[in-house]
Protein chains: 2
Amino acid sequence: MTSPLAQGSTIGILGGGQLGRMLSMAAARLGLKTHIYEQSAQCPAADVAHRVTSAAYDDEAALRAFGRDVDVITYEFENIPTYALDILQDLAPIRPARNALAVSQDRLTEKQFLTDLGLRCAPYHAVGTFDDLLQAIDKVGLPAILKTTRMGYDGKGQMRIANIQDAQEAYDAMQGSMAVFEGFIDFSHEVSVIAARGADGAISAYDPGENLHKNGILHQTTVPARLSANQRTDAVLLAAKILNALEYVGVMGVELFVTPAGFIVNEIAPRVHNSGHWTQNGCATDQFEQHIRAVAGWPLGDGQRYADVVMENLIGNDMDKVPQLTSQPNTALHLYGKPEARAGRKMGHVNVMTTPKA
Amino acid sequence: MTSPLAQGSTIGILGGGQLGRMLSMAAARLGLKTHIYEQSAQCPAADVAHRVTSAAYDDEAALRAFGRDVDVITYEFENIPTYALDILQDLAPIRPARNALAVSQDRLTEKQFLTDLGLRCAPYHAVGTFDDLLQAIDKVGLPAILKTTRMGYDGKGQMRIANIQDAQEAYDAMQGSMAVFEGFIDFSHEVSVIAARGADGAISAYDPGENLHKNGILHQTTVPARLSANQRTDAVLLAAKILNALEYVGVMGVELFVTPAGFIVNEIAPRVHNSGHWTQNGCATDQFEQHIRAVAGWPLGDGQRYADVVMENLIGNDMDKVPQLTSQPNTALHLYGKPEARAGRKMGHVNVMTTPKA
């Protein structure tokens, strides 16, 4: 695939959650169709996609039919089984490419990759056995967090270790999975850079947003973040370094801890990112459209910020706030149409433009 | 239907063109599904709708199945056959209600309605016979335009009469349809007010946009329009008068000619309107979401304008400009995914924010 996708072409998206839903809407704005591949019978993206395949990631026939129907394949989550990728890669280009998945699917590989690039991560140590864990505590210190190397998100697959007595419980909680022991670092706040690289190698980064978490889940992102002009530039250059090293095509989220000694990379996500949702009401081209443009081989759009925005997630019974939010000024609601507001479930988000006036 | 539609409810939309497509996307942002009813086998809205019925407007079984599947019915065009409305009205609420369609489906009824409200229209005369036409010429004068009372849009079903020799040709072009003879008026420019009325009777009007037509089709809308503060207020009050008189629920487009003696109403459209597309990149709540909020019984959203915007339609081979537009700053593309760029066909539009910086 070398030329830009034409009107009416189809982008295959692995995963049909809210990110797939918003990617589908962005594709539609550009005159492109989407075909969602999703395990669950019902999913948020199905409402707005041209086509949906409901099948498991080990269903070869479904994967082949999907791969043949689409012009390019992208994804809304990083934990795509290798089996599926092996089949799909011969049927349509996968963007971002598999190297980005390989790096981000495994916390250890990711940290090694970032360190090799000359970037800083929190001190860490690989943990396979209980002895490794004791060594890690000795080397990195306490308190710290033990995380499975694979499949964790939104605080799942993580255990905090405050003192040596917690070690056994934390180790047992990993259930034999390979894990990484991460030291705490002294940071003032967390920001994230949402950056895109086009098929032509062009890079466009959004103004960094400042993140606030609650119970291990992103609660709020504010732009502008508390950063100096120099820090802003550093953050963007750092993201560009990662994108270029991977010859990445698409949007990536890069979470950074701000410390007096510079940025420490928390993690990278090879996809559109919750902390980039503010771009829907702050930029001519939002992160979803930017990702679609990149994977479709189109030029990147204008990601200049034109408003100050506070994005807040609506999680579980935060949905009770919706009636009040519907009539609040400068406020844009983005709901995912999920039927049941379970605790911890991302149901939607709201963007409040704090300086929107022309 | 008295309470606001819940998450996951379904809005039925009659018509699956670009307006239905953008209404579907707006509904999705609010967590609502759409079911499109459309005669053509393929339509722009199908890509982003939860469900599509492809059937004619005289297919009773299809209409009944559609009506039973949805929680409320709205439409993207005014020329809905009475037969279909008769069936649908018993199955789900129709919003805006049928009185708005009755008024806007017939140019004569519309002019009578507006005149009765104390608003000004261009001088007109009903034409059923050739004698009526000669009388109209005598009473209203020339040049003038002869229009069928029903089914005309984008310059179709219209004939300009410059002098008496054109009369017979113009009359024959109406092919026996009832027509209205409209005198020319001396106006400086045309503006349109996109206004919404909620189910609770609340009214919200967008800042008027200034329209420029080419070959009888809208080419460009610019906000702000060239209007004084007083004119702005007058335009909004005028629109509110129309909405209240009809006890209207939804978004309406009101086209006004600006003259030294005040506004002359050109026409009203009981639906989202091409001249309101700029709201997608100038307001927290765009006209599509405002319409969905109204018909879903939600409170109206914030329609305050936060940027100056120029909206330009992409018609037929204007699509050749897309590659260049994709990398133009402050520019948001909205393409409809139509496979073939036929002459005169609306393929998309572009919103250029001319003062977008925070």
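Just so it is clear, none of the values below were taken in a lab; they were calculated from the coordinates. Because the structure is a prediction, the values reported are computed rather than measured. Here the Cβ positions follow ideal geometry from the backbone for every residue, glycine too, while neighbour counts run over all protein chains shown.
Worth a mention:
- Scanning region A:153-174 for residues that are of a type in the set (Val, Ile, Thr) and surrounded by fewer than 14 Cβ atoms within 10 Å (Cβ to Cβ) yields one hit, A:Ile164.
- Among the residues of region B:323-340, those identified as at the interface with another protein chain (Cβ under 8 Å from one of its Cβ atoms) and not in a strand (DSSP E or B) are B:Pro323, B:Thr326, B:Ser327, B:Gln328, B:Pro329, B:Asn330, B:Tyr336, B:Gly337, B:Lys338, B:Pro339.
- Looking only at residues of region B:166-204 that are of a type in the set (A, V, I, L, M) and in a loop (DSSP other than H, G, I, E, B), we find that the one that is nearest to B:Ile292 (Cα to Cα) is B:Ala199.
- Residues of region A:305-322 classified as under 30 Å from A:Arg197 (Cβ atoms) and more than 7 Å from chain B (Cβ to nearest Cβ), total: 5
- The residues listed here are B:Val193, B:Val236, B:Val180, B:Val223; of these, the one that is in contact with a Pro (Cβ under 7 Å, 6 or more places away or on another chain) and of a type in the set (Val, Ile, Thr) is B:Val193.
- Residue in region A:279-302 that is more than 12 Å from every other protein chain (Cβ to nearest Cβ), hydrophobic (A, V, I, L, M, F, W, C), crowded, with 19+ Cβ neighbours inside 10 Å and outside any helix (DSSP H, G or I) present: no
- Note on region B:1-21: among residues that are under 25 Å from B:Met347 (Cβ atoms) and in contact with an Asp or Glu (Cβ under 8 Å, 6 or more places away or on another chain), the one that is nearest to the other protein chains (Cβ to nearest Cβ) is B:Arg21.
- Tally of residues being at the interface with chain A (Cβ under 8 Å from one of its Cβ atoms) and in a loop (DSSP other than H, G, I, E, B) across region B:342-358: 4
- Out of A:Ser192, A:Ser228, A:Ser177, one residue alone is surrounded by 13 or more Cβ atoms within 10 Å (Cβ to Cβ) and over 22 Å from the mean Cα position of the chain (by Cα). It is A:Ser177.
- Residue in region B:49-69 that is touching a residue at least 60 places away in the same chain (Cβ under 8 Å) and either in contact with a Lys or Arg (Cβ under 6 Å, 6 or more places away or on another chain) or surrounded by 24 or more Cβ atoms within 10 Å (Cβ to Cβ) (or both) present: no
- Any hit, region B:57-73, residues being within 14 Å of another protein chain (Cβ to nearest Cβ) and farther than 26 Å from A:Pro323 by Cα: no
- Meets criteria (aliphatic (A, V, I, L, M) and either at positive phi or not in a helix (DSSP H, G or I) (or both)) for A:Ile268: yes
- Among (1) crowded, with 22+ Cβ neighbours inside 10 Å; (2) of a type in the set (Lys, Arg); (3) more than 24 Å from B:Leu14 (Cβ to Cβ), the one test that B:Lys214 misses: (1)
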